[in-house]
1. With 10 angstrom as the radius, rank 125, 113 by how many other C-beta atoms surround their C-beta, starting from the fewest.
2. How high is the relative contact order of segment 114-178, in percent, counting Cα pairs under 8 Å that sit 6 or more residues apart?
3. For the chain, what does -39500 (n - 2.57) per DSSP helix run (n ≥ 4), summed and divided by total residues, give at 222 nm, in deg cm²/dmol to the nearest 500?
4. If I model a spin label as a point 7 Å beyond the Cα along the Cα-Cβ vector, how far apart are those points for residue 359 and residue 194 in nm?
5. For every other residue with a beta carbon closer than 14 angstrom to the beta carbon of residue 327, add +1 if it is Lys or Arg and -1 if Asp or Glu, then tell me the sum.
6. Can you pull the three principal axis extents for the Cα set of the chain, in Å, largest first?
7. Amide H to amide H under 5 Å from residue 167: which residues, 5+ apart in sequence or cross-chain, H placed 1.01 Å off N in plane?
8. With a cut-off of at most 10 other beta carbons within 10 Å, and DSSP calling the residue loop, which trypsin sites (Lys or Arg not before Pro) in segment 296-393 qualify? Please list them.
Amino acid sequence: MKDNILNIENCKKIAVMGGTFDPIHYGHLAVAEAVRDEFETDRVIFIPAGKPPHKKNINLANNEHRYIMSVLAISSNPYFDVSRIELDRDGITYTVDTITELKQCCDKDAEIFFIIGADAINEIFSWKDFRRLLGICSFVAVTRPGYKKTKLRKMISEINEKFDSKIYPLEVPALAISSSQIRDKIKTNSSIKYLVPDDVEAYIKKYSLYKYDEANTEQISCKLKKILTRNRFIHTQGVAKEAVRLARHYNSDTYKAYTAGLLHDCAKDYSAEEKRRLCASYKIKIDDIIEKQIDLVHSFLGAALCKKEYGIKDKDIINAVKYHTTGRADMSELEKIIYLADCIEPNRKQHDGLEKTRHLAYTDLNLAMKYNLELTIKHNENKGRMIHPLSIEALNYFKNLTEEDN
Ligand SMILES: [Fe+2]
Ligand SMILES: [Fe+2]
């Protein structure tokens with residue numbers, strides 16, 4: 001194991017940066033550099049976690065990918081190294097074992113600074129052999145500016161006094177980056193430039209890391225670009241992005257929102273004749289109302305195409321496409337998000353009620369649904385169109401729901 005950790009034999013101060021690094025990003029690098037600078041450590045050793053005990057159920061990228069990305073990320077900093085110490089250990093990895101192993105590789109007087117998020121200080125007491133751990137290394141508790149410093153300092157000095165430990169607080173400039181945010185961006189085809197080093201970005205791309213398995217949204221986008229009109233394609237992109245914003249706002253699944261947003265109008269630009277032909281082949285019933293307004297069928301047909309043509313298996317995504325025009329009673333959160341994203345995406349032309357719908361969509365999904373269904377139904381009645389029974393059911397449902405709430 002010793003030869004895996006570079007250049008620490010003669011070091012007096014060594015910082016240790018643990019993490020899953022799934023993927024490693026500029027936030028990790030900035031924290032490590034700030035600690036090196038402040039505590040004048042000779043090295044910072046990044047240790048990608050093997051199987052950490054507190055994250056048993058997460059699906060980590062392959063160990064080798066995380067290791068290689070870490071090596072790529074630190075390559076230009078002469079003070080940084082990456083160790084395989086945890087990756088090469090079988091079973092669950094505990095910090096106390098890692099630090100013990102590390103100490104065997106360096107000068108016996110060397111001081112080790114283990115970097116930890118200030119939020120995790122309280123958790124130390126649940127770590128394996130925490131008393132011994134507090135005795136064999138120092139800790140740097142990093143915080144972002146604005147963190148309640150006085151409370152933290154008080155807590156740290158109490159722990160230090162009680163356990164004779166050395167925990168130091170350190171404020172590091174805020175870099176609002178997280179690995180989960182980066183994975184989320186990749187799944188929804190958003191840019192990760194300037195969040196991770198260029199080499200890491202290229203590596204993620206090369207091996208298609210963090211893509212959702214069920215469907216490749218890039219392929220869906222390419223296909224839609226070919227079959228939709230230019231304006232419809234722009235609208236579709238707008239809906240997908242608006243749906244992601246809403247999903248983030250409501251802590252919902254952004255990948256599903258993005259995919260359903262992309263696909264919601266996939267059947268819209270077929271001619272009336274083609275729509276009828278496709279409905280016949282997918283056994284979609286054309287009722288009297290749809291017969292008179294054949295365009296309405298694009299959402300039901302779109303749902304069938306999602307399954308047959310775009311390989312979507314997720315029922316919620318399929319239903320979000322299916323009910324994005326009519327709505328229905330008891331819609332799922334994703335169904336409401338797609339319905340509303342379709343109404344409020346930024347390319348929509350200004351009309352009465354648009355700004356209010358936008359505001360309500362980010363305040364209360366049910367109120368937004370009620371308001372928009374009323375608006376749409378009134379608009380269609382004024383135009384002499386028949387109203388689909390699903391929309392009437394939906395309006396009654398949301399009316400009852402929002403009245404009950406009040
Ligand atoms: Fe539509
Ligand atoms: Fe649409």
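What follows draws every value from the coordinates through simple rules; no lab data is involved. This structure is a prediction, so every number in the text was calculated from the model and none was measured. Neighbour counts run over all protein chains shown; Cβ positions are idealised from the backbone, glycine included.
1. So the ranking, lowest neighbour count to highest, is 125, 113.
2. Computed over segment 114-178, the figure is 39 percent.
3. Counting only the DSSP helices, I get -15500 deg cm²/dmol.
4. If labels sit at residue 359 and residue 194, their model points lie 3.2 nm apart.
5. -1
6. 86, 46, 35
7. 139
8. 313, 349, 383
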